Structure formats: C-alpha cells, structure tokens
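Data block below; observations after.
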Amino acid sequence: MKPHKHPEHTDNIWLALEIGNSRLHWALFVGETLYSAWDTGHLPESVIQHLAECQTLNDLLEKIFPQGESLTDILPLCPLLVASVVPSQTAIWQTYPNTRVITLDQVSLKGVYPTLGIDRALALWGAGKTWGFPMLVIDAGTALTFTAADANECLVGGAILLGLGLQFATLGQQTGQLPLVEMQDFVSLPPRFPLNTTGAIQSGVVYTILAGIKDFIEAWLQLFPNGKIAMKGGDRTLLLNYLRTLYPKIAAPLIVEPNLIFLGMREIVMGDSTDEIK
Ligand SMILES: Nc1ncnc2c1ncn2[C@@H]1O[C@H](COP(=O)(O)OP(=O)(O)O)[C@@H](O)[C@H]1O
Ligand SMILES: CC(C)(COP(=O)(O)O)[C@@H](O)C(=O)NCCC(=O)O
Ligand SMILES: [K+]
C-alpha cells in the first residue's frame, strides 16, 4: 500500500513510522489530521542510507515506494517521527536528516517500566486519549500483547505471548514433522477436533488464542467494570471475526482501530511546546 491521495494543504506535513517486528507501518499527517496510513515490508539498509540524499518529500517517497505514484514534487523534506521496537532498524532510519525518534520518556503515561515497548505505550496512550481511560489495548501483531492503564492514566501492566503468525511459524520451524500452516488457509472458524495435522495446529492455535483473549478481557472487566478495550495489529480482523462468532458478548464492546500508535504519536506532537512540527 502507499499514500493514495494528494493533500490539499501541503504545509505542516509530517510522516510517522512505526517499526514493528514484521513490517513498517506508515502514516502521512497534515497537521493534526491523519491523512493516509499504509504498511510496507522492512527496507534494505542500502535503501535507507540513500534517504539522506533526498531533497524533497517526493524523492523520499519514491525511494520508499519505487512503484508508488508521485505525491508531489514541490514539498521540502518533512519531519519523520519514528517509534521502533527493532533497535537495529531505528539506527539505520536515523540517517534520514529529519528523523525524530519517540522514546518512552516522551509519552505521558504514568508508572511505565524502562523496558516497556514504545509501541505498547503509544497505542495505549492513543487509545486512552481518544476513547478515555481505563483502557486495555490488545495488539494482535507479531507478538500478541495486552497493555492496560487505569483512570489515572497509569500503567496497570499487561502480557506478551506469541502472535498468531509466530505460533504457526514456530511449530513449523522448530519441530521435526509439523508443516508450516499459512494463515490464508482458513477464513471461518476451524473445526475443534480435526483428524489431521494441519487442522489440529489450526484448532490448537486459534482456539487457545481466542480463549486467552476472552480470559484477559474478563479479568480486565472484573478489575475495571467500566474499562474500555481497543484492538489493533495485523491479525485484528481475523481474530475479531472469530471472536464475534465464538464469544459475541466479549467481542461486542471492542474498539477496532489499526492506527492507535499514530493517534498516540499525534498526541505527543500536538502536545509539544517546541512547535517543531505543528
Ligand atoms: N501483508 C501482511 N504482511 C505481514 N503480516 C501480515 C499481513 N497481513 C496480515 N498479517 C498478519 O499480521 C501479523 C503481524 O502484525 P503487524 O501488526 O503487522 O506486526 P508488527 O507491528 O509487529 O510488525 C502477522 O502475524 C500476520 O499474520
Ligand atoms: C512485545 C513486543 C515485542 C511487541 O512487538 P510487535 O509484536 O508489535 O512487533 C514489543 O512491544 C517489545 O519489544 N516490548 C518490550 C518488552 C515489554 O513491552 O515489556
Ligand atoms: K505492534
């Protein structure tokens, strides 16, 4: 995917980049407005190193999306806000001259611990600031994470486990005779007790992930009966569809928003007193 529209107002443009463990997540902002969001694979280091040579935003977008259409050719190089949970990638993106790396100390969430993932902090902050606290964020990404904050905007804590794709990949790669099961292989809920290996893997992974999500949501609502729940991540649609089928009452209140991290970044940019980006 790539930016598909041409912004009418070309001042106050900034790019947001979230570097996840599977891919890059991009957003183009015009001031406070999230204009367009899209995902790409990780870029080779050689390409990123050439970003410093770009003179305009269009140069930059052409490097990042060689097949993409031109956005405009008159824009100067815009700020790039980076939030990354992949340190080797963070380092190479700093070769772009106008990069600002968002770190945990810039997120006003209280009670964080030093190694908390910046993606988790930003998604929780973005969700809470948009829909209110207490907030639980479920990120169905490379890892599946639960991250929660109370009504005082203070981190409650959370949990981390293998995401859907990683569960299939690990079983396929770390065993002697299990096949690699592809996600596209199933669109509706798999049978619960299949008599074949692929089916057994699908059943085991999918039903235990769904049971786990249900259990965390129930535990959250016991702690915070008025707590809100938001879901993001590359597997959100698949898991939400399954949840709706299997546990409709659990699924009903879920807020589904792929751009939670960008909402969190926007909060930080707009709260800046330096006015660097506004
Ligand atoms: N086009 C895609 N490329 C990669 N992963 C995808 C894609 N579409 C859906 N997914 C799913 O998204 C998950 C990764 O979620 P994502 O939020 O992109 O990860 P991260 O933010 O950790 O890079 C994978 O488990 C995979 O099943
Ligand atoms: C848990 C994560 C690997 C999730 O990364 P993702 O699946 O979004 O790529 C990331 O948030 C991370 O590296 N966290 C640091 C540990 C912590 O949050 O406690
Ligand atoms: K993520």
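The values are calculated or read from the model by the stated rules, or taken from the named source; none is laboratory data. What you see is a predicted model; the values in this text were computed from it and never measured. Please note: Cβ atoms are built from the backbone with ideal geometry, for glycine as well, and neighbour counts cover all protein chains shown. Note: areas computed on protein heavy atoms with side chains; ligands, DNA, RNA excluded. Shrake-Rupley method; radii C 1.70, N 1.55, O 1.52, S 1.80 Å.
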Any residue in region 17-29 that's among the basic types (Lys, Arg): show its pairings with residues that are outside any strand (DSSP E or B) at Cβ separation under 8 Å, as long as the two are six or more apart or on different chains. Arg23/Gly41; Arg23/His42; Arg23/Gly234
Filter result (open to solvent by less than 30 Å² (accessible area, probe 1.4 Å) and either more than 30 Å from Leu161 (Cα to Cα) or out of contact with any strand residue (DSSP E or B) (no Cβ under 7 Å at 6 or more places or on another chain) (or both)) within region 21-35: Leu28, Phe29, Val30, Gly31
The lone condition Leu109 fails out of (1) open to solvent by 40 Å² or more (accessible area, probe 1.4 Å); (2) more than 11 Å from ligand 2 (Cβ to nearest atom) is (1)
Per the filter on region 115-142, residues touching a helix residue (DSSP H, G or I) at 6+ places or on another chain (Cβ under 7 Å) and either acidic (Asp, Glu) or not in a helix (DSSP H, G or I) (or both) are Leu116, Asp119, Met135, Leu136, Val137, Ile138, Asp139, Ala140, Thr142
Are any residues in region 77-132 closer than 17 Å to Glu267 by Cβ and of a type in the set (S, T, N, Q), and if so, which ones? Thr103, Gln106, Ser108, Thr130
If Gln174 passes every condition in (1) touching a residue at least 24 places away in the same chain (Cβ under 8 Å); (2) away from ligand 1 (no atom under 13 Å from the Cβ) but one, which one does it miss? (1)
The conditions are (1) outside any loop (DSSP other than H, G, I, E, B); (2) surrounded by 14 or more Cβ atoms within 10 Å (Cβ to Cβ), and Leu189 fails exactly one of them. Which is it? (1)
Tell me, yes or no, whether region 131-146 has at least one residue that is more than 11 Å from ligand 2 (Cβ to nearest atom), on the phi < 0 side of the Ramachandran plot and among the acidic types (Asp, Glu). no
When you look at Ser88, is it of a type in the set (Gly, Ala, Ser), in contact with a Phe, Trp or Tyr (Cβ under 9 Å, 6 or more places away or on another chain) and either more than 30 Å from Tyr242 (Cα to Cα) or modelled with pLDDT under 95 (or both), yes or no? no
Subset tally (residues that are open to solvent by 30 Å² or more (accessible area, probe 1.4 Å) and in a helix (DSSP H, G or I)) for region 143-182: 6
Quick one: Ile102 ticks every box in (1) more than 13 Å from ligand 3 (Cβ to nearest atom); (2) touching a strand residue (DSSP E or B) at 6+ places or on another chain (Cβ under 6 Å); (3) within 23 Å of Leu223 (Cα to Cα); (4) open to solvent by less than 20 Å² (accessible area, probe 1.4 Å) bar one, so which box is it? (3)
Name the single residue that is farthest from the chain's Cα centre (by Cα) among those in region 221-237 being within 16 Å of ligand 2 (Cβ to nearest atom) and of a type in the set (A, V, I, L, M). Ala230
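Looking at region 109-129, is at least one residue more than 18 Å from Phe262 (Cα to Cα), over 15 Å from the mean Cα position of the chain (by Cα) and of a type in the set (A, V, I, L, M)?
There is at least one residue in region 109-129 that is more than 18 Å from Phe262 (Cα to Cα), over 15 Å from the mean Cα position of the chain (by Cα) and of a type in the set (A, V, I, L, M).
Residue by residue, here is whether (1) without any contact (Cβ under 8 Å) to a residue 24 or more places away in the chain; (2) open to solvent by less than 60 Å² (accessible area, probe 1.4 Å); (3) within 27 Å of Gly204 (Cβ to Cβ) holds:
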{"site": "Leu223", "(1), (2), (3)": "no, no, no"}
{"site": "Gly227", "(1), (2), (3)": "no, yes, no"}
{"site": "Gly234", "(1), (2), (3)": "no, yes, yes"}
{"site": "Tyr242", "(1), (2), (3)": "no, yes, yes"}
{"site": "Tyr247", "(1), (2), (3)": "no, yes, yes"}
{"site": "Ile255", "(1), (2), (3)": "no, yes, no"}
{"site": "Gly264", "(1), (2), (3)": "no, yes, no"}
{"site": "Glu267", "(1), (2), (3)": "no, no, no"}
